[in-house]
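Please treat every number below as a calculation from the coordinates, not as lab data. Small disclaimer: the values here were computed from a predicted structure and weren't measured. In this analysis, Cβ positions are derived from the backbone assuming ideal geometry, glycine residues included, and neighbour counts consider all displayed protein chains.
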Amino acid sequence: MKKITLLIALACISVLPIAAQNSSTADLGKDAVLLSQTSDGKVVTSTYKVKGEVPQQTKFTMHFAINSATLSPTFADNAAQEAALKAFAPKLKDTMLHLQSVAVAGYASPDGNESANKALAGKRAATVKGYLANQWPSLNVTHSAHACTWKDAMSAVEQSSVPEKGEVLRILAMNVTEAQKEMHLRKLPAAWKYLKTNILPMMRRAEVTFTYLMDSIVEKKSTVTPPPAPAPAQVQPTPTPAPTPAPAPVPVAVVEEEETGIIIDMTDTESRRESRRERKAAKQKR
């Protein structure tokens, strides 16, 4: 039988590269932790640890021979998968990684007895779970079993170069039992041979799925805005002194003198004599 290698894309775990951004910190979430902050006078650089919120998964797939639940490191690409798994395991101790679950799902191909296939799938899951427990005893691993149906093979068939692909797909989509579908497929010798060699071996497997949250390091940059320069002091104009009010006019009493009598023109001698007589008369009145 031709050996088939299933290529599995493996996600690698590492600290996410620092991303420089210029937005505010509002989009980092309430669990963002400021790790450091520096400034060169023009730009402030803040480094945050941001808690992961979207679950991520990393999967590893071990393959089994037909009707077997024995895990062989040399079968298919098991050696490469095991090496990748061992390289991944130490990263579970990374404080940035928060493991949520480890699940093993066992599968069996749809050819043969359905109930026997489910039991075989369960044994394959248990085998891989035991392997994980032996390598990493602290892991809490759950497991489940799945007997594949012929309909599960449709996607692989669509992408393959199986002979009589249209007829094969028609049979896989028929509303009949799994045994009846297999009977119809066996009537297409070239197609059946292709299925046994290229499609069915991929379905005899056990998948290990690690689900976790991964923190990230985010760098934010913000431009330093200098405070506005103080406005120059405005020179206040010198007030013009109020004009000194003119002094209020002093009221003047006007006394009108009325002259009565007869004006006598006297000489100086006569005048002095008359003045003496008036003073003498005034004294006599006292």
Please name which of 120, 131, 161 has its Cα lying farthest along the dipole of region 112-172 towards the positive end, using unit charges on Cβ (Lys, Arg +1; Asp, Glu -1) and the Cα centre as origin. 131
Applying a 10 Å radius around every beta-carbon, put 84-96, 35-47 in order of their mean neighbour count, most first. 84-96, 35-47
Taking the Cα centre of each part, how many Å lie between region 135-167 and region 91-121? 11 Å
Pairs over 31 Å Cα to Cα, from 91/196; 59/151; 129/220; 59/196, come to 91/196; 129/220
Rounded to whole Hz, the Karplus (6.51, -1.76, 1.60) HN-Hα couplings of region 200-216, x for glycine and proline: 4, x, 5, 8, 9, 8, 9, 9, 9, 10, 9, 10, 7, 10, 10, 6, 9
